[in-house]
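Remarks on the structure that follows.
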Amino acid sequence: MKILFIASEVTPFAKTGGLADVAGSLPQELSRMGHDVRIIMPYYKTVAKGEFLIRKIRKSVDVPLGDTPQKGLLRRTLLSQVPVYLLENKEYFHRDYLYGGADRDYPDNPRRFAFFCRGVLELLKRMDYRPDVLHCHDWQTALIPLLLKYEYSNDSFFANMSVVFTIHNLAYQGLFPKSSLVQMGLDGSYFTIDRLEFYDNVNLLKGGILTADLINTVSETYCAEIMTPEQGCGLDGVLLSRREDLCGIINGIDYSEWDPSTDRDIFRKYSAASLAGKAANKTGLQKLLGLDEDADVPLIGMVSRMVDQKGFDLIGKLLPDFAAGDLQLAVIGSGEEKYAGMFDDIHAQGARNIAFHEGFDPSLARKIYAGSDIFLMPSHFEPCGLGQLIALRYGSVPVVRKTGGLTDTVVDEKLNGKEQTGFAFAEYTASALFETLLRALQAYRDKESWKRIMRCGMTRDFSWKNSALRYEELYRRGVQKKGLRNG
């Protein structure tokens with residue numbers, strides 16, 4: 001099949017979250033399976049300044065966006081063997097950040113990504129590439145299925161293209177005031193309950209859900225959760241109306257990138273068959289972070305955005321217990337200032353068994369995965385989660401909350417023949433987290449049993465290969481559905 005990935009961020013070119021990892025890794029796996037896969041994304045300032053071999057293409061487009069068409073230029077590079085197209089407009093994309101600074105989003109984001117969506121559709125008609133499937137991701141690309149249904153419905157070029165729409169995190173919906181319709185070149189007919197209207201605002205994600213041929217999200221449990229009032233973020237009714245066309249496919253990770261037997265950033269390489277190097281990574285991490293070099297003390301790691309979603313409110317309540325406990329805690333992350341402050345405060349109070357690094361350092365993150373005994377991920381909600389998948393690969397036993405993709409990937413006990421790979425709790429409270437962590441710490445004392453749990457996690461297959469097969473099925477279903485509809 002010919003598959004075009006349309007995404008607002010793609011690793012390694014531009015990234016703020018897990019969307020970029022999926023949009024960078026999944027196309028490569030699909031390409032290895034024999035599909036003609038290509039990617040298109042905005043040509044951001046960060047991409048222009050990166051060390052990428054990018055060439056100009058003699059393709060341009062006048063994007064209809066209100067009274068004055070906006071010029072878009074096309075550039076091209078490669079991600080492994082996958083062609084990556086970059087839509088250029090300096091007014092919209094030559095900025096320091098993808099979506100906005102730390103304090104607020106760019107106020108013209110509706111116009112920026114309407115330009116991107118419209119530009120993609122107009123450029124496709126000028127390229128020597130006619131996809132079978134348009135794979136759109138999150139609210140930034142949600143206008144594409146909407147435009148195809150209402151503005152391009154009579155354009156034969158798009159007649160048989162199927163649109164698959166992936167929701168990576170339902171909490172981010174592209175919510176804007178009604179006045180943003182003008183910015184996006186849309187008239188008042190779009191401000192209705194069966195299109196974009198949402199409690200007197202515009203909701204772009206809603207438009208994508210209503211008009212895509214098929215919709216998926218990034219784990220089976222999260223797919224079920226978002227159709228409930230508790231986790232539907234106001235869209236549970238809309239999602240329920242599309243439940244026959246909605247499914248969950250767990251994300252994978254690139255096992256050539258995340259492999260402790262080849263990782264050059266860790267202190268010593270190791271594998272499930274030979275765990276000796278794991279201890280060297282622990283002592284190396286302890287020394288690097290200024291923690292006591294003690295092989296027996298359990299070392300708990302966290303690599304995360306520091307926001308409520310990731311459970312940092314629970315961590316805050318337990319920090320005094322961590323400081324007083326016979327354990328060590330190593331955290332790297334950035335996010336809300338109050339959470340960075342709480343680590344500074346506990347350290348000022350004399351805690352020497354807690355190490356915190358603010359910001360993101362990819363090399364240090366890898367060392368935490370390799371050097372920690374336990375990986376903590378007490379998320380309030382988690383569409384999929386990548387941290388626990390990497391932790392499993394590196395033999396750092398996850399302690400997680402039973403939600404979303406964490407439920408689907410971490411086994412707390414023998415279940416359907418699957419051996420234990422981690423520890424999980426259900427109730428979102430500090431006491432439930434603490435009790436589960438105590439259970440993990442007790443299990444840690446039995447070294448042979450602990451090694452069995454580590455090896456079970458390290459040998460589970462969460463590579464992209466299995467997930468890519470599920471996406472291949474989804475694409476074929478979408479193409480078939482489109483063909484039946486047009487036939």
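The values are calculated or read from the model by the stated rules, or taken from the named source; none is laboratory data. Since the model is a prediction, treat every value here as computed from it, not as a measurement. Positions of Cβ are generated from backbone atoms using ideal geometry, with glycine treated the same way; all protein chains shown enter the neighbour counts. Quick note on the areas: whole protein, heavy atoms, side chains included, nothing else; ligands and nucleic acids left out. Shrake-Rupley method; radii C 1.70, N 1.55, O 1.52, S 1.80 Å.
Results, tabulated for the structure shown:
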quantity	calculated
Residue ranges of helices (runs of 4 or more DSSP H) in the stretch 189-307 with at least 1 members at pLDDT 95 or above, hydroxyl-bearing (Ser, Thr, Tyr) and under 30 Å from residue 340 (Cα atoms)	220-225, 276-289
Hits in the stretch 65-111 (condition: open to solvent by 20 Å² or more (accessible area, probe 1.4 Å), polar (S, T, N, Q) and assigned to a loop (DSSP other than H, G, I, E, B))	68, 80, 81
Total residues in the stretch 445-478, condition open to solvent by 50 Å² or more (accessible area, probe 1.4 Å) and assigned to a helix (DSSP H, G or I)	13
Filtered residue count, the stretch 229-252, keeping only those that are within 26 Å of residue 465 (Cα to Cα), in contact (Cβ under 8 Å) with a residue 24 or more places away in the chain and surrounded by fewer than 19 Cβ atoms within 10 Å (Cβ to Cβ)	2
Residue in the stretch 20-52 that is modelled with the lowest pLDDT, counting only those that are within 20 Å of residue 251 (Cα to Cα) and of a type in the set (Ser, Thr, Tyr)	25
Count of residues meeting criterion [within 23 Å of the chain's Cα centre (by Cα) and either open to solvent by 60 Å² or more (accessible area, probe 1.4 Å) or touching a residue at least 40 places away in the same chain (Cβ under 8 Å) (or both)] in the stretch 331-361	5
Some residue of the stretch 185-199 being polar (S, T, N, Q), open to solvent by 40 Å² or more (accessible area, probe 1.4 Å) and closer than 30 Å to residue 281 by Cα	no
Residue match in the stretch 159-180 (condition: out of contact with any Ser or Thr (no Cβ under 9 Å at 6 or more places or on another chain), assigned to a helix (DSSP H, G or I) and either surrounded by 24 or more Cβ atoms within 10 Å (Cβ to Cβ) or not polar (S, T, N, Q) (or both))	no
Residues of the stretch 382-391 satisfying the condition of being touching a residue at least 60 places away in the same chain (Cβ under 8 Å), touching a Phe, Trp or Tyr at 6+ places or on another chain (Cβ under 8 Å) and not charged (D, E, K, R)	383, 384, 387, 389, 390, 391
Top-ranked residue in the stretch 318-330 [being closer than 26 Å to residue 17 by Cβ and not in a helix (DSSP H, G or I); ranked as nearest to the chain's Cα centre (by Cα)]	330
Boolean, residue 281 is touching a residue at least 60 places away in the same chain (Cβ under 8 Å), crowded, with 17+ Cβ neighbours inside 10 Å, over 30 Å from residue 429 (Cβ atoms) and in contact with a Phe, Trp or Tyr (Cβ under 9 Å, 6 or more places away or on another chain)	yes
Close pairs from the stretch 400-412: first outside any strand (DSSP E or B), partner basic (Lys, Arg), Cβ under 7 Å, at least 6 apart	411/418
Sole residue being out of contact with any strand residue (DSSP E or B) (no Cβ under 6 Å at 6 or more places or on another chain), touching a residue at least 40 places away in the same chain (Cβ under 8 Å) and either of a type in the set (Val, Ile, Thr) or over 30 Å from residue 271 (Cβ atoms) (or both), chosen from 465, 481	481
All positions within the stretch 284-303 that are out of contact with any Phe, Trp or Tyr (no Cβ under 8 Å at 6 or more places or on another chain) and either open to solvent by less than 20 Å² (accessible area, probe 1.4 Å) or of a type in the set (S, T, N, Q) (or both)	286, 291, 297, 299
Residue in the stretch 367-384 that is open to solvent by less than 10 Å² (accessible area, probe 1.4 Å), more than 29 Å from residue 451 (Cβ to Cβ) and outside any helix (DSSP H, G or I) present	yes
